[in-house]
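K.L.:
Encoded as structure tokens, here's the structure I'll be asking about.
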Amino acid sequence: MLRATIKSLLARKLRLVLSGLAVLLGVMFVSGSFVLTDALGRSFDNMFSSAMAETDVLVTARPAIDVSEMEGESVPGTLAAADRDAVAAVPGVAEVVADVQADGARVIGKDGKVVASFGPPRFGANWTGETGGLELREGRGPAAADEIAINVTLAELSKLKVGDRVGVLTTQPKKMFTLVGIFGYEGGLPGQGPVHEVRFTEAVAQELMLGAPGAYTSLSVTAAPGTDPAALRDAIQSRLGDRYTVQTGQEAGAAIAGEFKTILSLFNNILLGFAGVALFVGTFLILNTFSIIVAQRTRELALSRALGASRRQVIGSVMVEALAIGLLASVLGLAAGVGVGALLAKFAADFSSIVLASISVPLAAVISAFAVGIGVTVIAALLPAVRASRVPPVAALQEVATPDRPLTRLTVSGAVIGALGAGAIAFGLATTGDAVMWLLLGGVLATFIGVSLLSPVLARPVVSVLGRLFSWSVPGRLGRLNSGRNPRRTAITAAALMVGVALITGVNTTISSADNSLRGDAETGFQADLIISGQESPGVLPTFDEALLPRMRAVPGIGTVTARYADQAMVGEQPNWAAAFTDLPAVVRDLSVVTVAGTLDQPGPGEVVVDDQNAAEAGVAVGGTVTVKLPKGEPTTYRVSGVYQRTPFLGGYLFGTGVVPGMRFPQPSLAYVRLADGADADAARQGLEALLVDSPEMLVEDKQQYLDRVLGEGAQLLLMIQILLGLAIVIAVLGVINTLALSVLERTRELGLLRAIGLSRAATMRMITVEAVVITVFGVLLGVAVGVGLGAAVVQGLADEGLKTLTVPWNAIALYLAAGVALGVLAAALPAIRASRINILTAIAHD
């Protein structure tokens, strides 16, 4: 039986190539993700261990605000000169270098614009000489208050050279400096990854980056010869107490690298999620392939049964074929994944200016490749294998292979599973907690399975209607009839395409609904004529000089200007958003804010206004108190003087301007402008832009421009998801090709008879193309329907977050349907050519 199975597999190797290719692509995605993140993770290990090579012990203060990367940006604590002196006095300390470093130093380039950073920090630090692997490449270090040095990465991006006068934005408005030095790092590196670095003198760095003279962010300690760094660490910790974090240089390097690895781990999980989608789609392809092959081999399997093969042997025969395909696809997929992961790692390293560690194949990549590749293939082939074992020996004497089975059980199962999936999604959107993500993912998976099981009962009527669009010719009518001949086969093929289209449509529906909801709220509630704001980045808010506010109000045509100061804060034990307004009643008017309780007058000292959602979560009402800690200051108790209804444009805890000194960036980051009656809007706008010439990050926009910029991120997210789901779409198209190719082989005799009675080669190709187009359009329609349903569920669940209007992206849906037709034509090409080249006499004699 094993020899017969191997011969059968070799005889059908071309039929199984596409199903194996689907597994190969999925395994490539999975293993490539692990290779990529492993290489980058070790690269960061090497970079930070090298940076800490000259540091025996590192001392830092506990963060002023400590939050995870998902909650916001941690705010580092500071040390004083007394702490430096205390560390220097510890026995075994040879040298202490006090460092100042904080995010938020934005350099203005030759073009007059701020040098952009797409994620990496823009550090402002003090010049400590050529320490920590730092090497001067040009000029010297800053010695005067108006001098700076920058790293090579920043110099190349900004086109700046030694001797240039440079504008720098920090916690204070633009200040001018002379560029006296350009530095890199050991090994010829232009910087520490893609980080931008500006080095000031110590006093200037303290003033501009920390707003606290005499403050430091860390102390780098060199141990005396013969002193154990671990013992010195413990001695320093004992001297300073628990308010400080003391680590050996090796521990500090590993900890910093660990933070980057956490981000890489999140990125890896995202990639694995998309790989899971691709493999889920591949499961349909494999299931369909083996189902068709089993149907084609009915007489062969029945003959085996008649000759004495047991049901177990028949199942084993099919499973051995699946195991062989899964094993080969896993090996090739792992090899392809290593190559793809290495290429992506090199690209990421070049883009990030880091030295790439040697490429290796982590154990997780190998285990996942074989577990996923073999597991998916074997599981997908199990049902066809069981079906093969039920072929009765008497079927060997029959001309027809397998009768069409009733769809009742399949339909009932699909309805039950689909209902459970919808219920899990609804419950997940309505609740909170750690289980929410698993409820949503499980609900979406169950929904896809339920719809896939229901699709056969939908296939025949829907395909019949779709096929009539092409029934104006004989090939079109034949194609329509062929596509509806086997609803199970058509449904499984279409379901593979449905998954990718449904996810894209669901995301598109959610983003479109959020876009229209926000624009609708802005249309009815946004009364400001102009908005002054900038593009925010992690940890840094673009700001402008508060001294400009009275000059802005004096611009002809300007009625009112209300400025907002903002920063992260800890409210109780939870991170939140704190904002201070120069005139809160004006903001209430400009944004049509609704009062829920108390008053929304300008908060005085010790007072705070909070939105209704935060009030409910914190369990406070008007007259109650909350404890708030700003980045620069101690926890302070505030009395709630008013509660307002949260809007998409305003939320969090609102204060008067008395809290501004406690913020990292004590400058306005946004302003709402109302024009005077009859004012010339263009002239007023030009007047404001002229005042902001030294604040190149800030834009003066009307309501529409502001919304377009803010909502543009949604379009970028949708594009990224479409690209990542492209692999699932490719696999779905392979499924259509595979189904048609096997179907052509199955209908060899029928095609020969059609050619014999006069069907031309071109007509044969049109017939196959109609089949493909009908199947792909059916899959797209299923995906659109499921995707709109998922999007509507998300919109309903997020109604409290401002998603009030369900918007169906009709233009995108029309594009998806057009793409379905194009994919159908593309998928039909090879099977149609093969069908048209069938030898008529050989085909008629085919058994």
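The values are calculated or read from the model by the stated rules, or taken from the named source; none is laboratory data. Treat the numbers as computed from the prediction; the structure is a model and nothing was measured. Cβ atoms come from the backbone with ideal geometry, glycine included; neighbour counts cover every protein chain shown.
K.L.:
For segment 234-250, which residues satisfy the criterion of being part of a helix (DSSP H, G or I) and either aromatic (Phe, Trp, Tyr) or touching a helix residue (DSSP H, G or I) at 6+ places or on another chain (Cβ under 8 Å) (or both)?
P.N.:
Once the filter is applied, which keeps residues that are part of a helix (DSSP H, G or I) and either aromatic (Phe, Trp, Tyr) or touching a helix residue (DSSP H, G or I) at 6+ places or on another chain (Cβ under 8 Å) (or both), segment 234-250 yields ILE236, ARG239, LEU240, GLY249, GLN250.
K.L.:
Sticking with this structure for a sec: Being in a loop (DSSP other than H, G, I, E, B) and buried (at least 18 other Cβ atoms within 10 Å of the Cβ) is the filter; apply it to segment 27-71 and report the residue that is modelled with the highest pLDDT. Break it down into steps so the answer makes sense when it comes.
P.N.:
Narrowing segment 27-71 to residues in a loop (DSSP other than H, G, I, E, B): 52-56, 62-64, 66-71.
This time we only want the ones that are buried (at least 18 other Cβ atoms within 10 Å of the Cβ), so: 52, 55-56, 64.
Numbers: MET52: 76, THR55: 86, ASP56: 90, ALA64: 79.
Across segment 27-71, the extreme among qualifying residues is ASP56.
K.L.:
Out of ASP612, ASP583, I need the residue that is among the charged types (D, E, K, R), under 35 Å from the mean Cα position of the chain (by Cα) and in the same structural domain as ASP677 (by TED's automatic domain parsing). Which one?
P.N.:
Details: ASP583 fails: under 35 Å from the mean Cα position of the chain (by Cα).
On inspection, the qualifying residue turns out to be ASP612.
K.L.:
Let me ask another. I'm told GLN247 meets every condition in (1) crowded, with 18+ Cβ neighbours inside 10 Å; (2) over 30 Å from ALA223 (Cα atoms); (3) polar (S, T, N, Q) except one. Can you identify the failing condition by its number?
P.N.:
With respect to (1) crowded, with 18+ Cβ neighbours inside 10 Å; (2) over 30 Å from ALA223 (Cα atoms); (3) polar (S, T, N, Q), GLN247 is out only on (2).
K.L.:
Among the candidates LEU382, LEU343, single out the residue that is at pLDDT 80 or above, under 30 Å from LEU154 (Cα atoms) and either in contact with a strand residue (DSSP E or B) (Cβ under 6 Å, 6 or more places away or on another chain) or surrounded by fewer than 17 Cβ atoms within 10 Å (Cβ to Cβ) (or both).
P.N.:
Working: LEU382 fails: under 30 Å from LEU154 (Cα atoms).
Of LEU382, LEU343, the one residue that is at pLDDT 80 or above, under 30 Å from LEU154 (Cα atoms) and either in contact with a strand residue (DSSP E or B) (Cβ under 6 Å, 6 or more places away or on another chain) or surrounded by fewer than 17 Cβ atoms within 10 Å (Cβ to Cβ) (or both) is LEU343.
K.L.:
Mind checking which residues of segment 576-623 are of a type in the set (D, E, K, R), closer than 13 Å to LEU654 by Cα and surrounded by fewer than 20 Cβ atoms within 10 Å (Cβ to Cβ)?
P.N.:
From segment 576-623, those of a type in the set (D, E, K, R) are 583, 589-590, 601, 607, 611-612, 617; that's our starting set.
From what's left, closer than 13 Å to LEU654 by Cα: 583, 601, 607, 611-612.
Correct list: ASP583, ASP601, GLU607, ASP612.
K.L.:
So, in segment 301-319, exactly how many residues are surrounded by fewer than 18 Cβ atoms within 10 Å (Cβ to Cβ), in a helix (DSSP H, G or I) and not basic (Lys, Arg)?
P.N.:
Result for segment 301-319: 3.
K.L.:
ILE558: hydrophobic (A, V, I, L, M, F, W, C) and farther than 23 Å from ALA792 by Cβ, yes or no?
P.N.:
Details: hydrophobic (A, V, I, L, M, F, W, C): yes; farther than 23 Å from ALA792 by Cβ: yes.
The answer is yes for ILE558.
K.L.:
Oh, and also: For GLU135, state whether it is charged (D, E, K, R) and in a strand (DSSP E or B). Working first, answer last.
P.N.:
Numbers: charged (D, E, K, R): yes; in a strand (DSSP E or B): yes.
So GLU135 passes the test.
K.L.:
Please find, within segment 73-93, the residue that is nearest to the chain's Cα centre (by Cα) out of those that are more than 22 Å from PRO631 (Cβ to Cβ) and aliphatic (A, V, I, L, M).
P.N.:
Out of the qualifying residues, it is VAL87.
K.L.:
Shifting gears a bit: Could you tell me which numbered condition ALA212 fails, if it satisfies all but one of (1) in a helix (DSSP H, G or I); (2) at pLDDT 80 or above; (3) of a type in the set (A, V, I, L, M)?
P.N.:
(1)
K.L.:
Filter segment 669-713 down to residues that are surrounded by 16 or more Cβ atoms within 10 Å (Cβ to Cβ) and in a loop (DSSP other than H, G, I, E, B) and give me whichever is farthest from the chain's Cα centre (by Cα).
P.N.:
Only one residue tops the list, namely ALA679.
K.L.:
From the residues in segment 541-575 that are touching a strand residue (DSSP E or B) at 6+ places or on another chain (Cβ under 6 Å) and of a type in the set (Val, Ile, Thr), which one is surrounded by the most Cβ atoms within 10 Å (Cβ to Cβ)?
P.N.:
Filtering segment 541-575 for residues that are touching a strand residue (DSSP E or B) at 6+ places or on another chain (Cβ under 6 Å) and of a type in the set (Val, Ile, Thr), the one surrounded by the most Cβ atoms within 10 Å (Cβ to Cβ) comes out as VAL561.
K.L.:
Are there helices (runs of 4 or more DSSP H) fully within segment 529-619 with at least 3 residues that are among the aliphatic types (A, V, I, L, M)? List them.
P.N.:
Counting at least 3 such residues, we get 584-590, 612-618.
K.L.:
Related question: All but one of (1) of a type outside the set (Lys, Arg); (2) in contact with a helix residue (DSSP H, G or I) (Cβ under 7 Å, 6 or more places away or on another chain); (3) not in a loop (DSSP other than H, G, I, E, B) hold for VAL168; state the number of the condition that does not hold.
P.N.:
That leaves (2) as the condition not met.
K.L.:
Next question. How many residues are modelled with pLDDT of 80 or more and either among the aromatic types (Phe, Trp, Tyr) or in the same structural domain as VAL774 (by TED's automatic domain parsing) (or both) if we restrict to segment 410-449?
P.N.:
Count: 2.
K.L.:
For segment 362-386, name all the residues that are in contact with a helix residue (DSSP H, G or I) (Cβ under 6 Å, 6 or more places away or on another chain) and under 15 Å from ASN268 (Cβ atoms).
P.N.:
Within segment 362-386, the first condition is being in contact with a helix residue (DSSP H, G or I) (Cβ under 6 Å, 6 or more places away or on another chain), and the residues that meet it are 362, 364-365, 368-370, 372-374, 376-378, 380-381, 384-385.
Scanning segment 362-386 gives PRO362, ALA364, ALA365, SER368, ALA369, VAL372.
K.L.:
Going through segment 340-358 one residue at a time, which ones are assigned to a helix (DSSP H, G or I) and touching a residue at least 24 places away in the same chain (Cβ under 8 Å)? Show your work before the answer.
P.N.:
Step one: filter segment 340-358 for residues assigned to a helix (DSSP H, G or I), giving 340-352.
Listed by number, the residues that qualify are VAL340, GLY341, ALA342, LEU344, ALA345, ALA348, ALA349, PHE351, SER352.
K.L.:
Can you name the helices (runs of 4 or more DSSP H) wholly within segment 740-838 that have at least 1 residues being among the small types (Gly, Ala, Ser), assigned by TED's automatic domain parsing to the domain that holds GLN722 and modelled with pLDDT of 85 or more?
P.N.:
Values: elements: 748-756, 761-797, 810-836.
Fully inside segment 740-838 and qualifying: 761-797, 810-836.
K.L.:
Would you mind finding the one in ARG165, ARG233 that is of a type in the set (D, E, K, R) and without any contact (Cβ under 8 Å) to a residue 60 or more places away in the chain?
P.N.:
After applying the criteria, what remains is ARG165.
K.L.:
Okay, moving on. When LEU719 is evaluated against the numbered criteria (1) closer than 30 Å to GLY167 by Cβ; (2) free of Cβ contacts under 8 Å to residues at least 60 places away in the same chain; (3) in a helix (DSSP H, G or I), which criterion, by number, is the only one it fails?
P.N.:
In the conditions (1) closer than 30 Å to GLY167 by Cβ; (2) free of Cβ contacts under 8 Å to residues at least 60 places away in the same chain; (3) in a helix (DSSP H, G or I), LEU719 misses (1) alone.
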